[in-house]
Amino acid sequence: MFQSDLLNGHRILVTGGGTGLGRAMSERFLQLGARVVICGRRKAVLDEAARQMMRDHGGEVKAFGLDIRDAQAVDAMVEEIFVERPLTGLVNNAAGNFISPTEALSSRAFDAIANIVFHGTFYVTNAVGKRWIDATRRAGGWKPGMPMNSVMSIIVTWVENGSPFVVPSAMSKAGIAAMTRSLATEWGGYGVRLNAVGPGEIPTEGMSKRLNPGEDPGARSRQNNPMRRPGDMSELQNLAAFLMSGGCDWLTGQLIFMDGGNYLANGGNFYPLRDWTDDQWREARERIEAQNARDRAQRG
Ligand code: COA
């Protein structure tokens, strides 16, 4: 779909780039000639992902171990990146989510998600954006025709209609949508564009284990999606590469939903779980907490 040197000269930070959607987008950027930086909480997982990507495609992938909930750590990482070579793109992919009846959430459970998705995404975006703006000002300002820097944030279709059973995520992702639209106008004059992408179900381990625990990944989409299938990773990779490239710089401030039409047809959210029994919720929680514990054990 793209020329193999489409992203030559680009340097892109992908948060949560060691696994799942983030890893797949990183890999496509690398294939298209970009230098890539990935960050996340599990340094060993990131190092291994970087090693495999460079083995398979050559090029440069740097890995930083940090928690985006820590604003100081985020700023220190972004400073280190920019001192070496400024970024041209940012993909806000890191997130946390799990299904739960809202009345069963503790304040710490709400904070665990809101601190990653709502606060963390802002910390990273502002740490990168202020350096872009500073460099632009020092260079005498940005003018039409000059290259632009691009931010793409992963959101969800339920920023449009809300969703039961994932309320901290729905609230936080709606905040990212508001950030995208707000900064598209505030930073457009500095040569920065921001868009958000809400993918439907593209099965990954982190997502399937926390949002459809115990189910065959993709089964719901095969039954209910208008296109009778889940999304393919290559579709997100291509959309991300397009948004990171300079091929359509006038596109900014947009929320792009890529879900085979599912949210238009079925709401695309977790309303169908209203029929779950207490036992089903108990079982789901046990599976989710086991996955959380496995992830925690891999953090430094
Ligand atoms: N139902 C209700 N509460 C839950 C829960 C569940 N299924 N899973 C976790 N919690 C609660 C915990 O009990 C804890 O609250 P408490 O201290 O009051 O008991 C709180 O959430 C924080 O859990 P903890 O595991 O300590 O958080 P963490 O910071 O280690 O992990 C998460 C953050 C919970 C968001 C975890 O799911 C995560 O790291 N996710 C990242 C990857 C991801 O979610 N990917 C999928 C995106 S679709």
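Observations
- Degrees separating the helix 71-84 axis from the principal Cα axis of the chain, which is the longest one: 40 degrees
- Mean separation of Cα contacts under 8 Å (6+ apart) over length of region 175-237, as relative contact order %: 27 percent
- Distance in nm between pseudo-label sites at Lys130 and Gln52 (7 Å out along the Cβ direction from Cα): 3.6 nm
- All alpha carbon pair distances within region 178-226 were sorted into 5 Å bins beginning at 0; the resulting P(r) in whole percents reads 4, 18, 18, 12, 9, 10, 13, 11, 5, 1.
- Distance histogram in 10 Å bins (all Cα pairs of region 126-242, percent per bin): 12, 33, 30, 17, 8, 1
- The helix-only estimate of mean residue ellipticity at 222 nm for the chain, built from DSSP H runs of length n ≥ 4 each weighted as -39500 (n - 2.57), is -14500 deg cm²/dmol after division by the residue total.
- Evaluating 6.51 cos²θ - 1.76 cosθ + 1.60 at θ = phi - 60° for every residue in region 164-172, the Karplus couplings come out as x, 6, 9, 5, x, 5, 4, 5, 6 Hz, glycine and proline recorded as x.
- Semi-axes of the equivalent ellipsoid for region 191-290, computed as √(5λ) from the eigenvalues of its C-alpha gyration tensor and ordered from largest down, come to 31, 15, 13 Å.
- Sequence of Trp276, Trp250, Trp142 once ranked by neighbouring C-beta atoms within 10 Å, starting from the fewest: Trp250, Trp276, Trp142
- Amide proton proximity set for Met258, modelled H, under 5 Å, gap of 5+: Gly198, Gly200
- Sorted by Cβ neighbour density within 10 Å, fewest at the top, the residues Thr204, Thr102: Thr102, Thr204
- Cα convex hull of the chain, projected area averaged across orientations, nm²: 15.2 nm²
- Taking a ≥ b ≥ c as the square roots of the eigenvalues of the Cα gyration tensor, an a/c ratio of 1.5 or more together with a/b no larger than b/c marks region 1-89 as oblate.
- When only alpha carbons are used to place a centre, region 1-76 and region 149-207 end up 20 Å from one another.
- Rounded to the nearest Hz, the phi-derived 3J(HN,Hα) couplings of region 37-53 under the Karplus curve 6.51 cos²θ - 1.76 cosθ + 1.60 (θ = phi - 60°) are 10, 10, 9, x, 8, 9, 4, 5, 5, 5, 4, 5, 4, 4, 4, 5, 5, where x marks glycine and proline.
- Across region 105-110, rounded Karplus estimates of 3J(HN,Hα) from the backbone phi angles (6.51 cos²θ - 1.76 cosθ + 1.60, θ = phi - 60°) give 7, 7, 5, 5, 5, 4 Hz, Gly and Pro being marked x.
- Three-way shape call for region 1-153 based on the alpha-carbon gyration tensor, with the a/c threshold at 1.5: oblate
Laboratory data are not the source of any read-out in this text; all were calculated from the coordinates shown. What you see is a predicted model, and the numbers here were worked out from it, not measured in a lab. Backbone-built Cβ (ideal geometry, glycine too); neighbour counts: all protein chains shown.
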